[in-house]
Amino acid sequence: MSVPLEHDYIGLSDASSLERSSESSNISSDDVTNNFFNLKATELSLGLPGFAKNYEENATKHGSVIKNYMSGAKRGFSDVNFNGSGKGIDAVFDKIQTQQIISSSVAKPVKEEKKNGSVPPSAKAQVVGWPPIRSFRKNTMASNLSKSGDVAEGNSGAEGCLYVKVSMDGAPYLRKIDLKIYHNYAELSKALEKMFSCFTLGQCSSNGIKGKERLTESNLKDILHKSECVLTYEDKDGDWMLVGDVPWGMFIDSCKRLRIMKGSEAIGLAPRRTEKCTNRN
Amino acid sequence: MDPAAAGVEFIGTGADPTRSSTLPEEFLKRTFSLISSEKDRSSVSLVCKDWYNAERLSRRHVTIRNCYSVSPEMVAARFPAIRSVTLKGKPRFSDFNLVPDGWGADVQSWLNVFATAYPFLEELRLKRMAVTDESLEFIALNFDGFKALSLLSCDGFSTLGLEAIATHCKNLTELDIQENGIDDLGGDWLSYFPENLTSLEVLNFSTLTSEVSFDDLESLVSRCKSLRVLKVNQKINLHQLQKLLVLAPQLTELGTGTFMEELVSGSVNDLENTFSKCGNMHTLSGFWDATLLHLPVIYPVCGNLTFLNLSYANIGDVELEQILSRSKQLIRLWVVDTVGDKGLEAVGSHCQLLEELRVFPVDPFDQQIGVTESGLLAVSIGCPKLHYILYFCQRMTNAAVITVAQNCPDFTHFRLCIMSPHEPDYLTNEPMDEAFGAIVKTCTNLRRLSVSGLLTDLAFEYVGKYAKNLETLSVAFAGTSDMGMEYVMRGCPKLKRVEIRDCPFGDSALLSGLTQYESMRSLWMSDCNLTMNGCKKLAEEMGRLNVEVIKDKDDDVSLASKVYVYRTVAGPRKDAPHFVVTL
C-alpha cells in the first residue's frame, strides 16, 4: 500500500468538512481512514504525497504547530520523538518513513461505541468519555432531548422540552428554542425578536434607523415590521404555514421548525397578519 | 490562639530541647482534639514523637484520597479513635468510562478492618468506590451508632442496599446518594425507615429514578424535626413538594422534584406562600423541566440564596434574569448553557458576590446552542470575586480568556472545556496557548487547571513556568511533544494529581517526572505514547510507586495505553484484576 498513514501529527485543513464531522481524534475506524485516503490520493501536491501541502496550510507563527490528530491506531511512534520546534519538518519527514514501514502493523480497532467502523453521516463521532460529563448528567440531558423528539412527533407529553430550529433569512446561523418554555404567541414572538436582534440590528442602518440607538422592545418590533419579517413554521406534513393561525397548543404539537422570512417571500402563504399574531394568545 | 502555637512557646522557654516534652499527653490530646484542619494535624504530627502520638490518638476523622495508597490495617494501627472516614477510590477519569468494570476500589476490605477497629464508626463518605449491597448491609449491621452515609460516584449497589441502611441504622442522620452507578430497583427502600426514626438531618435521593412512596416520605419528613437538607428526585411533583415544605420550613437546602405542572391549581399557588416561610433556606437545586410558569414560587427565598443549582433546568436567559435579579447574595451558581451568553450577562449584572460558576452543556454534540467567549467575558466583568469556573463551550478565543484573567486574577480553579478536541481560537485560528498562559501568569493562586482546545507545548511551557501553586491538572488532546509534559513535571512543585488523555507524551515525558511522583498523589495517562518498557523503567527506579497498566486485549503487547501511577506505602495491590498489571 502506497498511501502513507501520515495523519497522526499532521493537521488536515483541506478536508475541513471531514474534520468537522470527525473531530475527535480517536477515529481510527477503517471507513474513515479510507475516506480520508481517497481525498488525499486525488490531490495534486509537491513533496511527499499529501504531506507538504497540509503542513504549509497549518503552519502558524508558532512555527510548526501541527494539529495533533491522535488516533487510536497510532501506537508505533513511541520511539519517534516529535519535536515541535524548528526541526519539525525533518522530524516529520522521518516520521513519514517510519510510518510507512510500520503502517501495516498498526491496525487498532475503534474503542468507542461505533465498533462497526461506520461514522454517523453528519454527526461528530463520539469519543469515549468526552466531553467529560458524568453519566447521570449525560443521561438526564439525553432523555430531555429525546423527550422533545417524542413531543415533536405528536405524542402528548406534559414534560420535556421541545427544541425546534429557528432560521432567519440572511442570518449566518440558526438558533434552537424550546417551545415548551412559552405559553402563547406573544411570548414566542418576544423571545424571537430578542434572539434575532443582532441580525436585525444590521438591518437598522439599511432601514434608516440610527445604529447607535438603544435597542428597545418597541423599536425591535418596528424593525421587524419595517423589514417586513414574517414568522412561519413547518408542520408535521412538511408544509410551511404562517404562525398564529391555530391555537397555541395545536401549534406546538405540529411545529417542527421555524423560519423568519422576508415578507416578499411569504406571498404564497396566507395574507400577512403579523399584528394579529402578537395579539393572539 | 492557636493551641499548637501555645505548646511550642511553652517548650521553647527555658526547657532543654533535647529532652522530650514534659507536657502531659492528656493535655496534648485535649488541645489537638480542637484541631480539625487536616493540614494542621499533619504539621502537628511532625513536631516530635509525643506530638505524633497525641495527634494520632486524638484524631476523629481521616480522609484517604487514594484507597490504595495505604492499607486499612495501617490506618487502624495509627489512628485508633476514628469516628468518621472519607475514602476515595478510582481515578477521576473513571467517571467518564475510561476505567473498565471490575478495576477495584472495593470498600469491603476496608469495612472488614473497620468492623473490629472502629466499632463506633459514625460516618462514612465514599467517592468512586465499588460498593455492593452486601457491603451496605454490612455497614448497617456492624456499626451500632452509625449516623452518616454519603455515596458519590460509586457503583455496584442497588436500592436493596439502601433498604438495609434504612432498616438497621437506628441513629441515621444522613443519607446522601449522589450520581452513582446504582441499580434502581424501585422506590421501596424509603419505606424501610422505621416509624420511630426521627434523627434524619440530611436526605438526598435526587439522582435516583424510581418513585418512592409519597406517604412514607411525608411521614418521614414530618417526624424528623431536625431535617435541614432534603433533596428529592424528579418523581416528586410540585403538589407533593408543597406538602413536604409545609412540614419542613426549617430546611436550609432543598432539592425540588419536577417543576413541570400543567395545572395551575390552588396548591401550586400556595407554594410561593410556603417558600416565603423558609427563612433558613440558602441552597436550591432540582428544578427539572422548570419554566416561568412555576419558577416564580421560589422568588421569596431568592434573596437569601447562596447556592443555586439550575444545572438540570434547561431554562433560557429570560428565566435566569428573573431569578438572578432577585438573588443578589449568590455565591455559587450552576446553570445549563441554554441560558446562553445573554443569561451570563444577567449573571454579570446581578451577582456581584459570585465566587463560583459552572456552565454545563445541554447537548455536547450540537454546535448551535450554548455559550461562547462573550458570556465568559460578561461574567468576568460583573463578578470580580469569581475564583472557580467550570465552563463548557463550543468555541473560545485567546483574547477573551486573556481579558478574563485580568478581570479575575483570583482564580483558584479554572476548568475550561472547549468541547471539540483540537479546537483553535475560532477568530484567529491559532492555538489556545496564550489563553492558558495568561491564566497561569495572572492567577498566582491557581490550584486546579483543566485545559482544552488546540494546544502546543508552549501552553505547557507557560504552565511549568508560572503555575507554581498548581495541584490538579487535567489535559486532553493537547501538546505536540514530550516537552509539553516535561515542562509541567519539572516546573510545578505542588502537583498532587495529574490526569492526561490522548496526548503525544511518551516514555521520556513519563520519566521526566521521576522526582515528582512521590510527592504527588497520582498520575493518570491514557491513550498517550507510553510503552511497557517505559513504565517498567519508572517502576524500577521508584520503589514506592505503584505503576499499573490497564491492559486492553486489543492493545499491542508492547504498548501501555492506560497507565496509573501513584505513591503508596502499602505495596502492590493484592486485589488487582487480571487486566491490571503492576510493574
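Just so it is clear, none of the values below were taken in a lab; they were calculated from the coordinates. Just so we're clear, the structure is a prediction, and the values are computed from it rather than from any experiment. With ideal geometry, Cβ positions are generated from the backbone for all residues, glycine too; neighbour counts draw on all protein chains shown.
Things to note:
- With a 10 Å cut-off around each Cβ of B:503-514, the average count of Cβ atoms from other chains is 2.
- Using bins of 10 Å that start at zero, the share of Cα-Cα pairs per bin across chain B amounts to 3, 15, 22, 26, 22, 10, 2, 0, 0, in whole %.
- Simple label model, 7 Å out from Cα along Cβ direction - B:Met74 to B:Cys48, nm: 2.7 nm
- For the range B:225-326, the fraction of C-alpha pairs more than 22 angstrom apart is 18%.
- Length gained when the stretch B:Ser158-B:Thr582 is fully extended (0.36 nm per residue, less Cα-Cα span): 149.5 nm
- Figure legend: label point modelled 7 angstrom from the Cα of B:Ser374 along Cα→Cβ; residues of the range B:424-467 with amide N under 17 Å from it are B:426-428.
- Shielding score for B:472-478, defined as the mean number of other chain Cβ atoms within 10 Å: 3
- Full-stretch length increase - B:Glu25, B:Leu292 - with 0.36 nm per residue and alpha-carbon distance subtracted: 89.9 nm
- Inter-site label distance for B:Thr86 and B:Asn196 at 7 Å from Cα along Cβ, in nm: 3.5 nm
- Distance from the range B:330-407 to the range B:414-431 (C-alpha centre basis), Å: 15 Å
- Here the translational diffusion coefficient of the range B:61-179 follows from Stokes-Einstein with Rh set to the Kirkwood radius across Cα pairs; for 10 °C and 1.306 mPa s it amounts to 112 µm²/s.
- Fully extending the segment from B:Lys225 to B:Tyr426, taken as 0.36 nm per residue of separation minus the present Cα-Cα distance, adds 66.9 nm.
- Residue-averaged beta-carbon neighbours from other chains (10 angstrom radius) around B:540-552: 0
- Label-point separation, B:Ser36 to A:Met250 (7 Å along Cα→Cβ), nm: 6.3 nm
- Subset of A:Lys190/B:Lys342; B:Lys170/B:Lys235; B:Lys39/B:Lys496; B:Lys328/B:Lys385; B:Lys170/B:Lys225; B:Lys496/B:Lys551 violating a 21 Å alpha-carbon distance limit: B:Lys170/B:Lys235; B:Lys496/B:Lys551
- The range B:549-583 residues near the modelled B:Ser519 label - backbone nitrogen below 18 Å, point 7 Å along Cα→Cβ: B:566-568
- Residues of the range B:195-209 with amide N under 12 Å of a point placed 7 Å along Cα→Cβ from A:Asn139: B:207-209
- Of the peptides B:466-478, B:39-51, B:300-312, B:185-197, the ranking by mean beta-carbon count within 10 Å, highest at the top, reads B:466-478, B:300-312, B:185-197, B:39-51.
- Ranked by the mean number of other Cβ atoms within 10 Å of their residues, highest first, the peptides A:248-257, B:201-210, A:179-188 fall in the order B:201-210, A:179-188, A:248-257.
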